[in-house]
Amino acid sequence: MKIVCTVTNDLSHEQRMDRVCTSLVKAGHEVTLVGRLRVGSRELPEKPYRQYRISCRYNHGKRFYAAYNYQLWRTLRHWDFDALCAVDLDTLPAGVALTNGRRKLIFDAHEWFSETPEVVGRPLVRGVWRGLGKALVPRTDLRYTVAPVLAEKLGAEYGVPFGTVRNLPLRSHREPAPVPAQKIILYQGMLNPGRGLEVAIAAMQWLPDCELWLVGKGPEEGALRRCQERLEEPGKVRFLGFRPPEELPDLTRKAWLGLNLLDAVSPSYYYSLANKALDYVQAGLPSVQMDFPEYRALQNQHHCYLLLDQLDARALAQRIATLANDPAAYEQLRANCLRAAEVLCWEREEEVLLGLWADLAPG
């Protein structure tokens, strides 16, 4: 099939869709990934699939979503394709308009869009997205999301079944890094609301031997830098900015502990399974995760995480300090990660993806 996948980002950090598109190409499909060209977007490396970026006058808010979906429709209506994969609810309106029953429409929900931190506390905005989802999602031919429990929740919300394709990384064949002498705590990802990063920064005041590295950018960066300035030792927190995906494994190898903190006020976060949680496992890096359903399930099976039951700076610092003072427990966590990495990898998960797509045929 000729497949078009649509996202709202500029493709430069799109690791999940890189894996998905590459796997679809390997299965014999012709794939184009369509995203947004922004001011400052870097040149894209060559991929086995085609990459195409669309300019949009607006960058945020309702004007952006309306304008971007219009630009998607205006551009792609002239293209020859058999199936369109709309990634998240914010590209689904264009997907419905472009397929309209004549082509296959696939919905890849990376998050529960109406329940994200940016939306859940705004009743009017949340109502619009919920209404849009209930109107459009049942019109799709195939749906999947990133975690099993989230698939159940989305299925109940929209009245149609969802499959699961987890955000698993490619298998690493590098030798495990030695345990670093410096206790670097690593966060990689967007600096967005609800990520618990202000809690992580505050916890550093009780962790004298640790340093926090924040790899990424986002709307919360200014507020987080102000949190950093309030520390007695601001140098214990480093902002490393965006790094290309190919640089992340080397950064991860320097870390002693990974971090993935989330605010339970967002159902989308509560039922999530973040890329970074699995990237840490693949690198053999112990990490702190919230005691939310998907992380608890992985912990019960693989014993590769430290689980945090409350988003609190003192509780986080105590959890980390306890691990720092118990080298044997750290080594056991590390060994568990390396064992889990053998099964928590994309090479296995792509079979699930291709199985879902195999049931589709050109319309």
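When +1 charges are put on Lys and Arg Cβ atoms and -1 charges on Asp and Glu Cβ atoms, the dipole computed for the chain relative to its Cα centre reaches about 1120 debye.
I'm spelling it out carefully: the read-out is P(r) over Cα pairs in 10 Å bins from 0, in percent, the candidates are (1) 5, 24, 33, 25, 11, 2, 0; (2) 5, 20, 29, 26, 16, 4, 0; (3) 6, 24, 30, 24, 13, 3, 0, and one was derived from this structure. Which label? Answer label, from the structure shown: (1). Calculate the length of the line joining the C-alpha centroid of the range 128-168 to that of the range 12-32, in whole Å. Using only Cα atoms, the two centres lie 21 Å from each other. Put a plus charge on the Cβ of each Lys and Arg, a minus charge on the Cβ of each Asp and Glu, and nothing anywhere else: the dipole of the range 1-57 about its Cα centre is then about 140 debye. For the range 183-341, what relative contact order do you get, as a whole percent, if you take Cα pairs closer than 8 Å and at least 6 residues apart? That works out to 24 percent.
With θ taken as phi - 60° and the Karplus curve 6.51 cos²θ - 1.76 cosθ + 1.60 applied, the whole-hertz 3J(HN,Hα) list for the range 319-336 is 4, 5, 4, 4, 5, 4, 8, 9, x, 5, 5, 5, 4, 5, 4, 4, 5, 5 Hz, x standing for glycine and proline.
Extending 7 Å from Cα along the Cβ direction at Leu37 and again at Val265 yields two label points whose distance is 3.9 nm.
Counting Cα-Cα pairs of the range 231-353 in 5 Å increments starting at 0 gives whole-percent bin shares of 2, 10, 18, 22, 21, 17, 7, 2, 1, 0, 0. Label the range 69-178 by shape, choosing from rounded, prolate and oblate, from the square roots a ≥ b ≥ c of the eigenvalues of the Cα gyration tensor; if a/c is under 1.5 it is rounded, and otherwise prolate applies when a/b is larger than b/c, oblate when it is not. Oblate shape, in that a/c is at least 1.5 and b/c is the bigger or equal ratio. Once the Cβ-Cβ distance of Ala324 and Glu118 is raised to the sixth power relative to R0 = 30 Å, the FRET efficiency obtained is 0.30.
Using a Förster radius of 45 Å, what is the FRET efficiency between Glu232 and Asn100 based on their Cβ-Cβ separation? Nearest 0.05, please.
On the way: r = 61 Å, r/R0 = 1.34.
After rounding, the FRET efficiency stands at 0.15.
In terms of other Cβ atoms within 10 Å, Trp112, Trp79 run from fewest to most in the order Trp79, Trp112.
Taking 0.36 nm per residue of separation and subtracting the Cα-Cα distance, what length does fully extending His78 through Asn9 add? List each step's numbers first, then the result.
On the way: separation 69, 0.36 × 69 = 24.84 nm, distance 2.19 nm.
Using 0.36 nm per residue and subtracting the Cα-Cα distance, I get 22.6 nm.
Placing dummy labels 7 Å off each Cα toward the beta-carbon, the span from His173 to Gln299 is 3.4 nm.
So for the chain, averaging the separation of alpha carbon pairs under 8 Å that are six or more residues apart and normalising by length, what relative contact order in percent results?
On the way: 645 pairs, mean separation 56.4, N = 363.
Computed over the chain, the figure is 16 percent.
Taking the Cβ of Leu37 as the centre, find all other residues whose Cβ is under 12 Å away and add up their charges (Lys, Arg: +1; Asp, Glu: -1). Please report the intermediate quantities before stating the final value.
Numbers: positive: Arg36, Arg38, Arg42, Arg53, Arg57; negative: Asp10, Glu43.
That works out to +3.
Spatially, the range 303-343 and the range 50-115 are offset by 40 Å when compared through their Cα centroids.
Rule-based calculations on the coordinates, nothing more; no lab input. Everything numeric here is computed off the predicted structure, so don't read it as measured data. We place every Cβ from the backbone using ideal geometry, glycine too, and count neighbours over all the protein chains shown.
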